[in-house]
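Please treat every number below as a calculation from the coordinates, not as lab data. Here the structure is a predicted model, which means the values were calculated and not measured.
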Amino acid sequence: MSSSVLHWRVRREFLLLKAAGAAVAAVLTVLNLWDARGVLLAGGTTVMLTVLALRDLLVPVRLAADGDGIVVVKGFAGSARVPWSAVERIRVDTRTRFTSRTELLEIETEDALFLLSRFDLGAPVQEVADELRAFRTGS
């Protein structure tokens, strides 16, 4: 990452894992052609993993920041440009449920709330929040 533009992207390992899972599910779909429930489950899994892998391939960068503001992924493969003046708050939401800890980066703007996980960012959420805040203030 350079000092003028910061960006965070999905790790390639997760893309490859989703693609491999889609391939395995496709093979299971073909092997279960005689079983309607098997085809439904394996076929649904194939479609879901393929769509997720395709999204990671089409839009690998989930968040970018420069001197003017941020660009954050919106929808399946779209993006939204938000000027720094519209960003109201950057924070990390941490929740613990049944011994599982989840952290989400929350970027609150005047009319939207963007939520990004460490899987979206390819980095620890708290580090990204700290970098964004420092970049925004110029320190």
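With everything on Cα atoms, drop me the angle between helix 125-137 and the longest principal axis of the chain, reported from 0 to 90° to the nearest 10.
Compared with the principal axis, the helix lies near 30 degrees.
Viscosity 0.890 mPa s, temperature 25 °C: Stokes-Einstein D of the range 60-137 from its Kirkwood Cα radius, in µm² per second?
Values: Rh = 12.9 Å.
Stokes-Einstein gives a translational diffusion coefficient of 190 µm²/s.
Could you tell me how many degrees, from 0 to 90 and to the nearest 10, lie between the Cα long axis of helix 36-58 and the main elongation axis, the longest principal axis, of the Cα atoms of the chain?
The answer is roughly 30 degrees.
Based on alpha-carbon positions alone, could you give the equivalent ellipsoid semi-axes of the chain from the gyration tensor, as √(5λ), descending, whole Å?
Listed largest to smallest, the semi-axes of the chain are 35, 16, 13 Å.
Placing one identical point scatterer on every Cα of the range 12-58 and ignoring solvent, what is log10 I(q)/I(0) from the Debye formula at q = 0.13, 0.16, 0.23 Å⁻¹?
-0.28, -0.40, -0.69
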